[in-house]
1. Answer yes or no as to whether residue 127 is closer than 30 Å to residue 257 by Cα, surrounded by fewer than 16 Cβ atoms within 10 Å (Cβ to Cβ) and within 22 Å of the chain's Cα centre (by Cα).
2. For segment 133-153, give me each residue that is under 19 Å from the mean Cα position of the chain (by Cα) and either exposed (fewer than 12 other Cβ atoms within 10 Å of the Cβ) or at pLDDT below 85 (or both).
3. Restricting attention to helices (runs of 4 or more DSSP H) lying wholly within segment 88-204, give those where 2 or more residues are in the same structural domain as residue 247 (by TED's automatic domain parsing) and in contact (Cβ under 8 Å) with a residue 40 or more places away in the chain.
4. If I ask for residues that are in contact with a helix residue (DSSP H, G or I) (Cβ under 8 Å, 6 or more places away or on another chain) and at pLDDT 85 or above, which ones from segment 155-174 would you list?
Amino acid sequence: MFLNIIQLILLGLLVYIVWNVLVDRKAGDKVKPRGYLAWVGAFIILIFILTAFVSPFTGSVVDFGALFTFPLKPLGLSLFLLFLALGGVQKGGITKEATNYLWSAFFILVFFSQPLVASWLAQQGELEALNAAQLAARRNEPVGAIVLLGQSATQLNLLEPRQLQLTDTSARILQAAEEYLRQRALGSDPIVVVSAGARPGFNTAAPTEVNLIEARDIGRLLVRLGVPRERILLEPSGVDFRTSALAVKDLVNRGQLPDRVILVTPALGMQRARQTFALLGIDTVPSPAGFLTFQSGAIPKFFVDVFPNPTCKDVSTITIRDLRQLRVADFISNADSLFISTRVVNEFWTSVYYLLRGWLASGGAEPVQQVRNLPCPS
């Protein structure tokens, strides 16, 4: 019920914005002079929005979505404000309104490109994932399956198609291999599901060496990391969390997987991924990787209280604080910080889209246990 109310509010807000764009209230609620073109543009946008709800995974819809949300991100909003400011540049100078646009664009870029701001945003977005990562390192629960959401975790070397290049998100692959080896140590032999579809931007109609399904490449890498080939199940249709969850649900329905799995996800999108799977009735044990928080100069400090048994070192509480000392460089804008801030903002808007589509579990996923009073490892 709560999600339905949120959906209605956001859709109502969208209708209100479109209405104010098309109708000039100062002119007696009449359509603006270029109303015909405005209505045509609004009709095209409406068609794309409806298409996104009916078939959200087609290439044209994805491209339009990237274009539509561009002004909602720090760089896109700044460029949009600069574009508006150009209209106020005249031979005799610049209008006050254009000056305001320029200052707004300047402050947005400076704010989101600050290392301190980027670090704070990343920590807020990954706070629960930090707890999940600590629990994953001490988990002693046998689980029958590991699901790796591997889309965009690798990059092809076009000069040598069989050679892979790791990216800043490739930590998920290493995490999945570690989870498998940890489960083997517990006496379990889980299936490792690699969900990753075709790489975007390549011709998928005629598969060639340069547009292989990414899951195959990740599978080969997992074999090199110690996961037996026969324990790897490739799922080649997952292009995002939703399609991966649907594919895994199909495997569960066919009895190939249990309904409780270890879910290896990007740290920033862990909550959205877990709620997407929870909506389909799949219980997930989180195993996040690829933290934006753990960047150079922003490594958190862990305070550990030890119980009386000094050899076991039971963990009483773990408090995460930023160990970094303030430096002059922390107040100097840079492109890396803008990139991190944009990743956090993009995850927020993606979560809003999933909420509007009803792809998130209304009750949320099972809360991540707080890292405290953990028993000695057996």
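The values are calculated or read from the model by the stated rules, or taken from the named source; none is laboratory data. Computed from a predicted structure; not experimentally measured. Neighbour counts are summed over all protein chains in view; Cβ atoms, including those assigned to glycine, are modelled from backbone coordinates with ideal geometry.
1. Yes: the conditions hold for residue 127.
2. Once the filter is applied, which keeps residues that are under 19 Å from the mean Cα position of the chain (by Cα) and either exposed (fewer than 12 other Cβ atoms within 10 Å of the Cβ) or at pLDDT below 85 (or both), segment 133-153 yields only 133.
3. The helices (runs of 4 or more DSSP H) meeting that bar are 171-185.
4. 173, the sole residue that qualifies.
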